[in-house]
Amino acid sequence: MKTSLDPRHQRRIHLMQALFSSSFPGAVTDKQISDIFAVLGVLDENIQRSAPEWPIDKIAKIDLAILRLAAYELLIEKKEPPKAIIDEAIELAKAYGNEASSSFINGVLGTILKEQEKGKI
């Protein structure tokens, strides 16, 4: 059972916070998110395709940070089961986002996963 002290959970919080911080002008980029930034175009393209009514620049910065991290784990890293990645993203959204964040993130990541399973990604 996952706890708030689980090292994987703590790592995700750190990476999400670093991604969030980097979305502001003048922010220093954390070395640990350089792998994510290397494929940011691919991640954002998949997020945009899965939420066409929400341009990337209109998505709340914290939601975008969570989506980018989870999309990276789903599409690039592939170390954890997809359900675990999505569940963790939803938990981060509940803790750090607004009332609608968890539903929005669940929908976007669910669409990304379906597209991936169909071989479209």
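The values are calculated or read from the model by the stated rules, or taken from the named source; none is laboratory data. Since we're looking at a predicted model, the values are computed, not measured. Note that each Cβ is placed from the backbone with ideal geometry, even for glycine, and that neighbours are counted across all protein chains shown. Each accessible area value is taken on the protein alone, full model and side chains, heavy atoms only, with ligands, DNA and RNA left out. Shrake-Rupley method; radii C 1.70, N 1.55, O 1.52, S 1.80 Å.
Here Leu75 fulfils each of the conditions (1) farther than 16 Å from Thr111 by Cβ; (2) open to solvent by less than 30 Å² (accessible area, probe 1.4 Å); (3) in contact (Cβ under 8 Å) with a residue 24 or more places away in the chain apart from (1). The number of residues in the stretch 1-31 that are assigned to a helix (DSSP H, G or I), under 21 Å from Glu80 (Cα atoms) and over 15 Å from the mean Cα position of the chain (by Cα) comes to 1. It is to be established whether one or more residues within the stretch 45-62 are surrounded by 14 or more Cβ atoms within 10 Å (Cβ to Cβ), among the hydroxyl-bearing types (Ser, Thr, Tyr), modelled with pLDDT of 95 or more and under 14 Å from Met16 (Cβ atoms). No, every residue in the stretch 45-62 fails to be surrounded by 14 or more Cβ atoms within 10 Å (Cβ to Cβ), among the hydroxyl-bearing types (Ser, Thr, Tyr), modelled with pLDDT of 95 or more and under 14 Å from Met16 (Cβ atoms).
Can you confirm whether the stretch 43-65 contains a residue that is of a type in the set (Phe, Trp, Tyr) and under 14 Å from the mean Cα position of the chain (by Cα)? Looking for residues that are of a type in the set (Phe, Trp, Tyr) and under 14 Å from the mean Cα position of the chain (by Cα), one finds none in the stretch 43-65, hence no.
Tell me, please, whether a residue that is polar (S, T, N, Q) and without any contact (Cβ under 8 Å) to a residue 24 or more places away in the chain can be found in the stretch 49-65. No: the stretch 49-65 contains no residue that is polar (S, T, N, Q) and without any contact (Cβ under 8 Å) to a residue 24 or more places away in the chain. What residue, among those in the stretch 11-27 that are touching a residue at least 40 places away in the same chain (Cβ under 8 Å) and of a type in the set (S, T, N, Q), is most open to solvent (accessible area, probe 1.4 Å)? Across the stretch 11-27, the extreme among qualifying residues is Gln17. Of Ala95, Ala89, which residue is surrounded by 21 or more Cβ atoms within 10 Å (Cβ to Cβ), closer than 21 Å to Ser23 by Cα, at pLDDT 95 or above and of a type in the set (Gly, Ala, Ser)? After ruling out the rest, the residue left standing is Ala89. Against the test of being in contact with a helix residue (DSSP H, G or I) (Cβ under 6 Å, 6 or more places away or on another chain) and of a type in the set (Asp, Glu), the options Asp44, Asp87, Asp57 yield a single qualifying residue, Asp44.
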